[in-house]
1. If we count every other residue with Cβ under 15 angstrom of Lys85's Cβ, Lys/Arg +1 and Asp/Glu -1, where does the sum land?
2. In a Gaussian network model over the chain where Cα atoms closer than 10 Å are linked, find which of Gln109, Gln117, Gln126 has the largest mean-square fluctuation.
3. Order the peptides 131-138, 153-160, 88-95, 174-181 from the highest to the lowest mean number of other Cβ atoms within 10 Å of their residues.
4. In nm, to one decimal, how far is the Trp133 label point from the Ser169 one, both placed 7 Å along Cα→Cβ?
5. Just subtract the alpha-carbon distance of Leu102 and Arg22 from 0.36 nm times their residue separation and send over the number in nm, one decimal.
6. Ignoring everything except DSSP H segments at least 4 long, calculate the 222 nm mean residue ellipticity for the chain; use -39,500 (n - 2.57) per segment, divide by total residues, nearest 500.
7. In degrees from 0 to 90, rounded to the nearest 10, what is the angle of the helix 18-31 Cα long axis to the longest principal axis of the chain?
8. Among residues other than Gly121 whose Cβ falls under 9 Å from its Cβ, what is the net charge (Lys/Arg +1, Asp/Glu -1)?
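Laboratory data are not the source of any read-out in this text; all were calculated from the coordinates shown. What you are looking at is a predicted structure, and each value in this text was computed from that prediction instead of being measured. Note: ideal-geometry Cβ built from the backbone for every residue, glycine included; neighbour counts use all protein chains shown.
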Amino acid sequence: MSSWDNKLAVILPAYNESKNLRILLRKINKVVPHAHIFVVDDSSPPENSKELTSMFSNVKVLTRQKKLGRGSAVLDGFAHALKNKSLEYFVEMDTDLSHNPLQIPLLYQTLIDNKAQIAIGSRYLQESKIVKWPVGRIIASKIINFNLSLWLGVKLHDFTNGYRMYKRSAVTELVKEGLREKGFIALSESAYILNRKGYKIIEVPITFVDRIYGNSTVDARELSNSLVGAFRIRFRDHSSKRKKSA
């Protein structure tokens with residue numbers, strides 16, 4: 001592995017993922033052994049942070065008192081990671097083993113080759129693969145992502161997948177701007193904000209695997225709520241523009 005991984009932060013929002021988390025941390029350390037890993041834990045009671053930090057010297061656990069949403073968890077992780085001035089690249093990924101750490105170098109190389117500021121691991125490009133996901137879930141997700149693209153005006157195939165790499169400038173912008181949405185719609189909000197600010201976003205084909213252990217925190221209601229969230233995002237943006245022009 002080249003020296004870029006010692007400039008890498010990996011942000012892991014976690015909620016009752018103790019079994020998956022230990023497996024994932026081992027996998028990440030095999031791929032990017034010099035990365036700085038931030039686990040943002042909303043579990044109640046919290047996961048065993050002392051055990052994790054004793055097992056993995058490059059892991060920091062940020063414990064929160066209750067489930068505050070994926071978006072705020074990632075932002076908290078970003079804010080802590082930004083304190084380290086040597087970090088230049090920031091990955092967010094799910095802790096349920098659906099995102100393969102072996103694809104972290106692919107996200108990095110895509111950023112470099114395309115001079116982009118954000119690389120999104122997409123489930124819906126021609127070269128992408130989805131493993132062990134129900135057909136109905138795939139169809140519903142594709143419909144939602146298609147509508148998000150129309151309503152938000154951002155040309156992306158996959159707004160709702162949380163496997164992403166950012167350059168430091170993009171992360172700094174998100175922390176400064178903040179996110180108003182909670183849950184997985186925050187992923188769409190962050191893409192909308194960065195696109196509006198002129199940051200280059202590129203998608204990368206990945207292999208996505210359904211979780212093996214535990215239960216998903218995303219259900220049909222949350223996915224449909226993401227469409228309502230898209231209206232809120234656009235409405236706030238238009239309201240803000242009207243106030244500035246007034």
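1. Here the charged neighbours net out to +3.
2. Gln126
3. 88-95, 153-160, 174-181, 131-138
4. Taking the two extended label points, one gets 3.1 nm.
5. 27.2 nm
6. Numbers: 8 runs with 111 residues, N = 246.
Roughly -14500 deg cm²/dmol at 222 nm, from the helical runs in the chain.
7. Here the helix axis deviates by roughly 80 degrees.
8. On the way: positive: Arg123, Arg164; negative: Asp158, Glu203.
My count for the surroundings of Gly121 gives 0.
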